[in-house]
Amino acid sequence: MSLHVAIADDHSAIRVGLKFIVQEWMPDSVVFFAEDIPKLLRLVAEEVIHIVVLDINMPGGNNFHVVKMIKEIQKNVKVLVLSTYGEELYALRYIDAGADGYLQKDCEEEKIIDALDTVYQGKKYLSDGLRDQLLQNRMNQGPGSNGNPLHLLTDRELEVCHQLVNGKGVSEIAKTLFIHTSTVGTYKNKIYKKFNVQNLKQLIDTFSIHNDATKSLS
C-alpha cells in the first residue's frame, strides 16, 4: 500500500509546495488536501492516513485538541505540526498533546523531509536547535519559565491569549473554542494576572515582546 499523507493548511500555495516536498521524499506517496479542520477530520475518517502534516492555525480548529481528535479517529496516524508559532514555546506542548513532531514554517525543505522521515519511523521530531536550547536551559536554570509569562500559561490559556491579541471578542472566542463565554472571561482574568496587565492594549504589547523573544530562541 502506498504511503498516504494528508496536508492540512488553509493556503493553497503551501499545500501545493508541501505536496511537492512529500513526493520528492516518497515518490509513490498519495497526497490528500484539507483546507480546514472539519474537512481534515472527515478525511481521516474516510481514508487510511499514515501522516498528517498539520497547520494548527486553520479555520475550525486552532487549538491543542485537534491532534487528539485526529488520533481518536485513527490511533496509528502520525501528526507532524507545521506552524508559524515559535517552537521554543509551542513544540513540547503539542508533543505532550500527542503530536509526533513540530516544525516552524520558515524552515528549510531538508528539515521538512528529515521530520517526515523521523515521524514515519515512529520517532518524535524536534529540531536540533530546539533540542540544544532545551538542554542549555536545563543546564543553566532548570526547567523554569525563564522569566517569560507565556510559559506560565496553560494550553487553554495560551489558546485564549492568542485569540485576544488577534482582536477576537469573548463571544467569538467561546464559539471558536467551544466553551462558555463565562469560561473565556475566567481565562482572560487569569491571563491578565499572569502577564500583570490591566487591559487589552497592555496584553498585546507584552505578548508581542515575549512572543518575539521565543521566536529568537528557536
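The values are calculated or read from the model by the stated rules, or taken from the named source; none is laboratory data. Quick caveat, the model's predicted, so the values are computed rather than measured. Here Cβ is always computed from backbone atoms with ideal geometry, including for glycine, and neighbour counts include all displayed protein chains.
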* To do: Only residues that are surrounded by 13 or more Cβ atoms within 10 Å (Cβ to Cβ) and either closer than 28 Å to Arg156 by Cα or among the acidic types (Asp, Glu) (or both): list them for region 25-41, please.
  => Phe33, Ala34, Glu35, Asp36, Ile37, Pro38, Lys39, Leu40, Leu41
* Evaluate the following for Glu159: is it at pLDDT below 90, of a type in the set (Asp, Glu) and closer than 30 Å to Val77 by Cβ? => yes
* **Single unsatisfied condition, Ser171 versus (1) outside the structural domain of Tyr90 (by TED's automatic domain parsing); (2) modelled with pLDDT under 90; (3) loosely packed, with under 15 Cβ neighbours inside 10 Å** => (2)
* Asked: Which residue out of Ile14, Ile51 is closer than 23 Å to Glu108 by Cβ, in contact with a Lys or Arg (Cβ under 9 Å, 6 or more places away or on another chain) and surrounded by fewer than 19 Cβ atoms within 10 Å (Cβ to Cβ)?
  -> Ile14
* To do: Within region 192-211, track down each residue that is within 24 Å of the chain's Cα centre (by Cα), over 15 Å from Gly169 (Cβ atoms) and surrounded by 15 or more Cβ atoms within 10 Å (Cβ to Cβ).
  => Tyr192, Lys194, Phe195, Thr206, Phe207, His210, Asn211
* **Test: Lys215 is at pLDDT 90 or above, of a type in the set (Lys, Arg), within 30 Å of Pro38 (Cα to Cα) and surrounded by 12 or more Cβ atoms within 10 Å (Cβ to Cβ)** => no
* Of the residues that make up region 24-45, is at least one touching a Phe, Trp or Tyr at 6+ places or on another chain (Cβ under 7 Å) and assigned by TED's automatic domain parsing to the domain that holds Leu126? -> yes
* Enumeration of residues in region 34-54 that are over 16 Å from Val77 (Cβ atoms) and touching a residue at least 24 places away in the same chain (Cβ under 8 Å) -> Glu35, Asp36
* Output the residues belonging to region 58-72 that are among the hydrophobic types (A, V, I, L, M, F, W, C) and crowded, with 16+ Cβ neighbours inside 10 Å. => Met58, Phe64, Val66, Val67, Ile70
* What do you reckon, is Glu88 within 18 Å of His162 (Cβ to Cβ), charged (D, E, K, R) and touching a residue at least 12 places away in the same chain (Cβ under 8 Å)? -> yes
* Looking at Ile179, is it modelled with pLDDT of 80 or more and not in a helix (DSSP H, G or I)? -> yes
* Residues satisfying the stated conditions in region 81-128, i.e. crowded, with 21+ Cβ neighbours inside 10 Å, under 16 Å from Ile21 (Cβ atoms) and touching a Ser or Thr at 6+ places or on another chain (Cβ under 9 Å) -> Gly101, Leu103, Gln104, Ala115, Tyr125
